[in-house]
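The structure appears right after this line, and notes come after that.
The values are calculated or read from the model by the stated rules, or taken from the named source; none is laboratory data. Note that the coordinates shown come from a computational prediction; the quantities given were computed from them, not determined experimentally. A quick note on method: Cβ atoms are made from the backbone with ideal geometry, for glycine too, and the neighbour counts reach across all protein chains shown. Note: accessible area is taken over every heavy atom of the protein model, side chains too, but ligands, DNA and RNA are not part of it. Shrake-Rupley method; radii C 1.70, N 1.55, O 1.52, S 1.80 Å.
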Amino acid sequence: MSRYVLPLVAVIGLILFLVVGLKRGDPRALPSPYIGKPAPEFELPKLKDPEQTVGSKDLNGQVALVNVWATWCVGCRAEHPFLLELEANDTIPIYGINWRDTRPEALRWIQQLGDPYVASGFDGSGRVGIDWGVYGAPETFLVSADGVVLHKHLGPLDRASWESDFLPLINGEGSTQ
């Protein structure tokens, strides 16, 4: 009898641990260690002109989006029309990080689908994405005028998430300047 009690107690304990863990917050949420902290500094060759760079210095003094994207990313294709809409309405500057991709494919993507980015850096090795804590594409970061990460969005950006998650922060950011 005692040889069954210990495994039974262990299984019940494991089940309780898992149930409590699943009830805590959003299981899809992968927090960023940079929320409320300075955005990681970076400098990448521009996608369109590798002789020039784009980086954190370009974000200074303005509220901006940093969008991590790739041509192999299905979610990136899904969010692309909304990014183009934001750009067309001159809503907010969007800086891209083309992540773990090939330059020819990325250039073809921009040419065929349109370019919503003020500039897009080419991060073929994924190094900058790792510095930003990127888990996968697409991911979009809202960065304040003083370089602080205000929000991280996982998955395709759409109107609903824009209005619920981004606009309140942008409006609050605008009122504090």
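Return the residues of region 128-158 that are under 16 Å from the mean Cα position of the chain (by Cα) and of a type in the set (D, E, K, R); say none if nothing qualifies. Let's see the steps before the verdict.
Within region 128-158, the first condition is being under 16 Å from the mean Cα position of the chain (by Cα), and the residues that meet it are 128-144, 147-158.
Residues satisfying the conditions are ASP131, GLU139, LYS152, ASP158.
When ALA106 is tested against (1) closer than 30 Å to PRO168 by Cβ; (2) at pLDDT 95 or above; (3) small (Gly, Ala, Ser), exactly one condition is not met: (1). The lone criterion from (1) within 26 Å of ILE35 (Cβ to Cβ); (2) assigned to a loop (DSSP other than H, G, I, E, B); (3) open to solvent by 10 Å² or more (accessible area, probe 1.4 Å) left unmet by ASP49 is number (1).
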